[in-house]
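Novice: Structure in structure tokens, see below.
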Amino acid sequence: MELSQVATIAGKEFWDRIRNRWVLAVALVFTVFALVIAYFGAAQQGAVGFRSIEVTIASLVSLVIYLIPLIALVLGFDAIVGERERGSLDLLLSMPITRFELILGKYLGLAGALAFSTVAGFGLVALVLSAQLDLNALFHYFGFMASSVLLGMAFLSLAVMLSVLAADRTRASGLAIAMWFFFVLVFDLLLLGALVVTGGQYGGDIFPWLLLLNPADVFRILNIFTLDDVRTLYGLATVFPPSLAEPWLLTAVMLGWIAAPLGIASWRFGK
Amino acid sequence: MESTIQAAAEAANADAVVRVRGASKHYGTVRAVDGVDLAVQRGELFGLIGHNGAGKSTLFKMMLGLIPATAGEIAIDGAPVTGSGFRAVRRKIGYLPENVVLYDNLTGLETLHFFAKLKSVPAAGCGALLERVGLAHAAGRRVREYSKGMRQRLGFAQALLGRPQILFLDEPTTGLDPEAIREFYVILRGLRAEGVTVIITSHILAEIQERVDRLAIMASGKVQALGTVQALREEMDLPLWFDVRVADSDFTAVRDALGSLPVAAIEAHDGRVAVQVRRESKMAVFAALATLGERVLDLHVREPSLEDVFFGFSD
């Protein structure tokens, strides 16, 4: 593998997103949402203003779990199929570059743009709030940012996989939306439904493991379990064994969610 | 004698830059490319012509290793196109795809810089390349604002990055005006003089016929004919036309002079007489017309065009 080729492709994808202000727009969305949530998140209880980092992170997690998968899927779904459909893929592949280098470069460039937006957007909020955050709160907030980046990477990897598997852009976009619905909206409902139908008698033991099959759930557990207040708030502590909630284990699962779709994508693209 | 010819052919084949042996590409029951054998020599300007769907673009992509062959072997500069050693060969190849698509958001110069990086070519030469294809004035403009012809020129500049030894040009003159087409062939002749091998497809047969060293006519995924334009004309044995202008538009005089010579067709229009004869009667017809002496005001022989040859082979 020639890293310079990967870097050339990644650099182009990244700078494309900087130049067309994609990075700026997404970062602004994150900043605005995070500020609104931090200051008005408790408005329902009749109070405004920043309250606690736990509540803020819990609210942000609920938002990010919808938003980041969507942004990542939209960002990546046409990575390969778009080049193919426009007709620029053949020229690219006639260059001294392997298909693996191309797909890895595409992924890293887009991932860089998404990570940069995420860190800049939420980082700005951390700066604004810094006067009201102690070291422990900052630590948790950075954990939230890091896991948000991982969540984006995982869904971006899924998107790039779709962009290799789909025959055209229309199908790729349809699959991307379907994937978002499945992981973000349907998956948990299905699990809950199964649990209720069986009266909780079967599958109770494998239920936590099944949650690992959804990167969005992994992200949720990763954030919520590091905060004691939030854990009780969500009532998740009752169903999820602490032994599984090790941050390193969850991070490893997330990395698996990044590597596996990319692996499938490059295997399929190489054929 | 025969064995010497065969040995010479094999020696030439061994020196071929592009070697295609029994290459096929099947999509289900469709045989897009069907058992093609080709050898293009170093420094040759080689034309590939055929109808849409004849298989030439598929063959092109197979030669570039973009589409894997169902059967057969393709090697460029001795390296199999599907092998791991082909990356090194790619650095020596320039490719201009049909209807080249570049990145709208990049400027002309940025486009060349991007491809130069992928080819490990110093960016310093990019400006000169733009100059060479007549795009120096538009170097800083985005490709989005380029006309079709300008995109084609930029695509050509891209193909010339890093002084390639083998050029694959798929319909390179599409969208170019006549002057640009002439400039394009001037550049191409210069490259051939430097020993660059060029493989070119075109559907404008009149444009290609005077310019290629050899050509292959493809139809239904097969090479139907292969050789110089003249050799193909002779092989097809197509009739040629004599256009004669005689004093007083005397049609009868011409017919009488031809006497019993085998004439395929004879017609008169605009004061001229057009006579179609078989190739072997060419000199006899000349002699017969010479008997008319000074009554012949003008004489012109029309060889069958590449188009005639093409339709002869592909029908």
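The values are calculated or read from the model by the stated rules, or taken from the named source; none is laboratory data. Predicted model only: the values in this text are computed from it and were never measured. Cβ atoms come from the backbone with ideal geometry, glycine included; neighbour counts cover every protein chain shown. Keep in mind that these areas ignore ligands, DNA and RNA; they rest on the heavy atoms of the full protein, side chains included. Shrake-Rupley method; radii C 1.70, N 1.55, O 1.52, S 1.80 Å.
Novice: Within the stretch B:227-263, restricting attention to residues that are open to solvent by less than 70 Å² (accessible area, probe 1.4 Å) and in a strand (DSSP E or B), which residue is farthest from B:PRO304 (Cα to Cα)?
Specialist: Within the stretch B:227-263, the match that is farthest from B:PRO304 (Cα to Cα) is B:VAL246.
Novice: For the stretch A:113-135, what are the residues that are open to solvent by 30 Å² or more (accessible area, probe 1.4 Å) and touching a residue at least 24 places away in the same chain (Cβ under 8 Å)? If you could, list the steps in order and put the result at the bottom.
Specialist: Of the residues in the stretch A:113-135, the ones open to solvent by 30 Å² or more (accessible area, probe 1.4 Å) are A:116, A:119-120, A:124, A:127-128, A:130-132, A:134-135.
Matches in the stretch A:113-135: A:PHE116, A:VAL119, A:ALA120, A:LEU124, A:VAL128, A:GLN132.
Novice: Oh, and also: List, please: which pairs have Cβ atoms under 8 Å, are six or more places apart or on different chains, and start with a residue in the stretch B:27-44 that is small (Gly, Ala, Ser) and in a loop (DSSP other than H, G, I, E, B) and end with one that is open to solvent by less than 50 Å² (accessible area, probe 1.4 Å) and at pLDDT 90 or above?
Specialist: Note: pairs meeting the criteria are B:GLY43/B:GLY195; B:GLY43/B:VAL196; B:GLY43/B:THR197.
Novice: Are any of the residues in the stretch A:66-88 more than 10 Å from chain B (Cβ to nearest Cβ), within 28 Å of A:LEU175 (Cβ to Cβ) and basic (Lys, Arg)?
Specialist: The answer is yes; a qualifying residue exists.
Novice: How many residues, within the stretch B:64-81, are within 12 Å of A:SER94 (Cα to Cα) and not aliphatic (A, V, I, L, M)?
Specialist: 1
Novice: So, in the stretch B:204-248, of the ones that are aliphatic (A, V, I, L, M) and without any contact (Cβ under 8 Å) to a residue 60 or more places away in the chain, which residue ends up nearest to B:PHE311 (Cα to Cα)?
Specialist: B:ILE204
Novice: A further question follows. Might you check whether a residue that is over 26 Å from A:ARG86 (Cα atoms) and of a type in the set (Val, Ile, Thr) occurs anywhere in the stretch B:41-57? First the steps, then the outcome.
Specialist: In the first step, residues of the stretch B:41-57 are kept if they are over 26 Å from A:ARG86 (Cα atoms); the result is B:41-47.
Among the residues that remain, those that are also of a type in the set (Val, Ile, Thr) are: none.
Checking the stretch B:41-57: not a single residue is over 26 Å from A:ARG86 (Cα atoms) and of a type in the set (Val, Ile, Thr).
Novice: Would you please list the contacts, defined by Cβ atoms under 7 Å and residues six or more apart or on different chains, that run from a residue in the stretch A:1-26 that is more than 19 Å from B:SER120 (Cα to Cα) to a residue that is part of a loop (DSSP other than H, G, I, E, B) and open to solvent by 20 Å² or more (accessible area, probe 1.4 Å)?
Specialist: As it stands, the answer is A:ASP16/B:ASN105; A:ARG19/B:ASN105; A:ASN20/B:ASN105, since those pairs meet every condition given.
Novice: A further question on this structure: Test B:LEU154 against the stated conditions and say whether it is open to solvent by 40 Å² or more (accessible area, probe 1.4 Å), in a helix (DSSP H, G or I) and touching a Gly at 6+ places or on another chain (Cβ under 7 Å).
Specialist: No.
Novice: Shifting gears a bit: If you go through the stretch B:64-78 one residue at a time, how many are away from chain A (no Cβ under 12 Å), buried (at least 18 other Cβ atoms within 10 Å of the Cβ) and assigned to a strand (DSSP E or B)?
Specialist: Residues meeting the conditions: 2.
Novice: Since A:ASP90 meets every condition but one in (1) touching a residue at least 24 places away in the same chain (Cβ under 8 Å); (2) charged (D, E, K, R); (3) open to solvent by 30 Å² or more (accessible area, probe 1.4 Å); (4) closer than 30 Å to B:GLN158 by Cβ, which condition does it not meet?
Specialist: Here A:ASP90 clears every test but (1).
Novice: I would also like to ask the following. Given the residues B:LYS92, B:LYS61, B:LYS56, B:LYS25, which is the only one that is within 14 Å of another protein chain (Cβ to nearest Cβ) and within 21 Å of B:GLN224 (Cβ to Cβ)?
Specialist: Being within 14 Å of another protein chain (Cβ to nearest Cβ) and within 21 Å of B:GLN224 (Cβ to Cβ) holds for just one of B:LYS92, B:LYS61, B:LYS56, B:LYS25, which is B:LYS61.
Novice: For the subset of the stretch B:163-183 comprising residues that are buried (at least 20 other Cβ atoms within 10 Å of the Cβ), touching a helix residue (DSSP H, G or I) at 6+ places or on another chain (Cβ under 7 Å) and in a loop (DSSP other than H, G, I, E, B), which member is nearest to the other protein chains (Cβ to nearest Cβ)?
Specialist: B:PRO172
Novice: Could you please let me know if B:THR107 is in contact with a Phe, Trp or Tyr (Cβ under 7 Å, 6 or more places away or on another chain), more than 9 Å from every other protein chain (Cβ to nearest Cβ) and within 23 Å of A:GLY105 (Cα to Cα)?
Specialist: No, not satisfied.
Novice: Between residues in the stretch A:27-41 that are within 16 Å of A:SER52 (Cβ to Cβ) and residues that are open to solvent by 70 Å² or more (accessible area, probe 1.4 Å) and among the basic types (Lys, Arg), which pairs lie under 8 Å by C-beta distance while being six or more apart or on different chains?
Specialist: Matching pairs, first to second residue: A:GLY41/A:ARG51.
Novice: Could you list, in sequence order, the residues of the stretch B:99-150 that are of a type in the set (Lys, Arg), in a helix (DSSP H, G or I) and at pLDDT 95 or above?
Specialist: Correct list: B:LYS117, B:ARG144.
Novice: Take the conditions in contact with a strand residue (DSSP E or B) (Cβ under 8 Å, 6 or more places away or on another chain) and free of Cβ contacts under 8 Å to residues at least 24 places away in the same chain and apply them to B:VAL81. Does it pass? Explain how you work it out, then say what you get.
Specialist: Details: in contact with a strand residue (DSSP E or B) (Cβ under 8 Å, 6 or more places away or on another chain): yes; free of Cβ contacts under 8 Å to residues at least 24 places away in the same chain: yes.
Here the answer is yes, as B:VAL81 does meet what is asked.
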